[in-house]
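Peer 1: This is the structure I have questions about; it appears just below.
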Amino acid sequence: MKSLDQRILSQEEFGRAIYLQHHTGMQWTNNTDKYGHWDISGTTAEHTPFNRLDMYIEVKARSIKSTDYDTTFLEVKKCKALLTQAEKSANKGKAFYFVTFTDGVSYLFDLTKLAKKTFKGKREYMPKSTFQDPNGYIEKEIIELPLTAASKIYK
């Protein structure tokens, strides 16, 4: 049986692979910081520095079907950190959240645009990590993103 860290890494790699399948033609870099606030980053290769765009993407692969719920969740601290990173970017920055489900459907949320909307945050007890963790549950502040708020849907 795989360790918890191996299972988390495997799930993260799966989500990244799905994201990269849909977003070719650009150089992407994996964040090597295990506790980093984004998983993949990239800069568009426009001809002038004024047209470049830095992108920071949080990727999740959920172990449920896309039809099980009409929302997905994102930790508030992760959302804020992504938006802050995008704001501090040397080029124009954008923050995204990509979530893929077991039925092959994926959603891309442009957090930079959604930051202007109000989503109700809530505190909820959730597993400490992606999978059931022997260390139990902790309280996390999350926002529920309606799947209808996604910028793009991949089927």
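The values are calculated or read from the model by the stated rules, or taken from the named source; none is laboratory data. Keep in mind it's a predicted model, so treat the numbers as computed, not measured. Methodologically, a virtual Cβ is constructed for each residue, glycine included, from the backbone with ideal geometry; neighbour enumeration extends over all protein chains shown. The accessibility values were calculated without ligands, DNA or RNA, using every heavy atom of the protein model including side chains. Shrake-Rupley method; radii C 1.70, N 1.55, O 1.52, S 1.80 Å.
Peer 1: Name the residue that is surrounded by the fewest Cβ atoms within 10 Å (Cβ to Cβ), counting only residues in the stretch 53-67 that are modelled with pLDDT under 95 and assigned to a loop (DSSP other than H, G, I, E, B).
Peer 2: Result: S63.
Peer 1: Another question, if that's okay. With the structure loaded, tell me whether G104 is loosely packed, with under 12 Cβ neighbours inside 10 Å and either assigned to a strand (DSSP E or B) or of a type in the set (G, A, S) (or both) or whether it fails that test. Spell out how you get there, then give the answer.
Peer 2: Working: loosely packed, with under 12 Cβ neighbours inside 10 Å: yes; either assigned to a strand (DSSP E or B) or of a type in the set (G, A, S) (or both): yes.
Against the criterion (loosely packed, with under 12 Cβ neighbours inside 10 Å and either assigned to a strand (DSSP E or B) or of a type in the set (G, A, S) (or both)), G104 qualifies.
Peer 1: Among the residues of the stretch 129-155, write down those that are charged (D, E, K, R) and modelled with pLDDT under 95.
Peer 2: Applying the first criterion (charged (D, E, K, R)) to the stretch 129-155 yields 133, 139-141, 144, 152, 155.
Scanning the stretch 129-155 gives D133, E139, K140, E141, E144, K155.
Peer 1: Pairs under 6 Å by beta carbon, first residue at negative phi in the stretch 90-107, partner among the aromatic types (F, W, Y) and open to solvent by less than 10 Å² (accessible area, probe 1.4 Å), six or more apart or different chains?
Peer 2: Y97/F109; F98/Y19
Peer 1: Restricting to the stretch 68-93, give me the number of residues that are within 17 Å of G36 (Cβ to Cβ), assigned to a strand (DSSP E or B) and within 14 Å of the chain's Cα centre (by Cα).
Peer 2: Total meeting the criteria: 2.
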